Every structure is written in C-alpha cells, then in structure tokens.
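J.: This is the structure I have questions about; it appears just below.
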Amino acid sequence: MKNYKLSVIFVTLYLFVFTALSRMDVELGIMLSLFSLSPFLVLWMVYSVLKYGKHSGKTLNEREWGYEDRA
C-alpha cells in the first residue's frame, strides 16, 4: 500500500472505536480480540509511514548531524 495516510487514518479510527467500545458494555471476548489485533495494526502503520512517507525537512550533508531546529 503506497498511501501511508490511509493506514494512519484507519489505525487512528480503530483506536477511537476501541476506546469508545471499552466505555460501553461490550463482551470481554470482543474487547480482547480487538486488543490483540492492535499491535499488528500499529506495526503496519509504522511500516507504511517509514517506507512510503515523505521527508519534508532539509537533508543534512555527510559530515552534519543533529536536529533541524538547532544551529
């Protein structure tokens, strides 16, 4: 999947749904299955952002290191 924004939106919505369901009277088995699926979704999101995300900052030279906001 080359659209990393879709994975970020999906995992964020999943988090909101999971949080809302945890406040309602939902069966324990459903909550445990949703909770056990969440690490895989987060790993998928991180992988897609690292692989297909775009870096918007400046590129440092070979001998430079540090943060962009520091001189």
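The values are calculated or read from the model by the stated rules, or taken from the named source; none is laboratory data. The model shown is predicted, which means the values in this text are computed figures rather than measured ones. All Cβ positions, even for glycine, are placed from backbone atoms using ideal geometry, and neighbour counts span all protein chains on display. Each accessible area value is taken on the protein alone, full model and side chains, heavy atoms only, with ligands, DNA and RNA left out. Shrake-Rupley method; radii C 1.70, N 1.55, O 1.52, S 1.80 Å.
J.: Let me spell out the model: positive unit charges on the Cβ of Lys and Arg, negative unit charges on the Cβ of Asp and Glu, origin at the Cα centre of segment 7-68. What dipole size does that give, in debye rounded to 20? Walk me through the intermediate numbers first.
T.: Details: 5 positive and 5 negative charges, 40 e Å.
The calculated dipole for segment 7-68 is roughly 200 debye.
J.: Residue separation times 0.36 nm, minus the C-alpha to C-alpha distance between Leu34 and Trp65: what's the value? Let's see the in-between values first.
T.: Values: separation 31, 0.36 × 31 = 11.16 nm, distance 4.10 nm.
Length gained, Leu34 through Trp65: 7.1 nm.
J.: OK, next. For Tyr4, what accessible area in Å² do you get when you roll a 1.4 Å probe over the heavy atoms of the protein chains, rounding to the nearest 10?
T.: The accessible area of Tyr4 comes to roughly 60 Å².
J.: Okay, moving on. How about segment 21-71: which trypsin sites (Lys or Arg not before Pro) there are in a DSSP loop, with at most 16 other Cβ atoms within 10 Å of their Cβ? Before the final figure, lay out each step's value.
T.: Numbers: sites: Arg23, Lys51, Lys54, Lys58, Arg63, Arg70; in loops: Lys54, Lys58, Arg63, Arg70.
Taking segment 21-71 and a limit of 16 other Cβ atoms within 10 Å, the loop trypsin sites (Lys or Arg not before Pro) found are Lys54, Lys58, Arg63, Arg70.
J.: What are the radius of gyration and Dmax of the chain, computed over its Cα atoms and given in Å?
T.: 18.0, 57
J.: Follow-up. Per residue, how much accessible area does the chain show when a 1.4 Å probe rolls over the protein heavy atoms, in square angstrom? Before the final figure, lay out the partial values.
T.: On the way: 6580 Å² over 71 residues.
Per residue, the chain has an accessible area of 93 Å².
J.: Then there is this: I'd like the accessible area for Phe16, computed on protein heavy atoms only with a 1.4 Å probe and all protein chains in place. Round to 10 Å², please.
T.: Number for this one is 130 Å².
J.: Of Thr12, Phe35, Ser56, whose Cα points farthest to the positive end of the dipole of the chain (charges on the beta-carbon: +1 Lys, Arg; -1 Asp, Glu; origin at the Cα centre)?
T.: Of the listed residues, the answer is Ser56.
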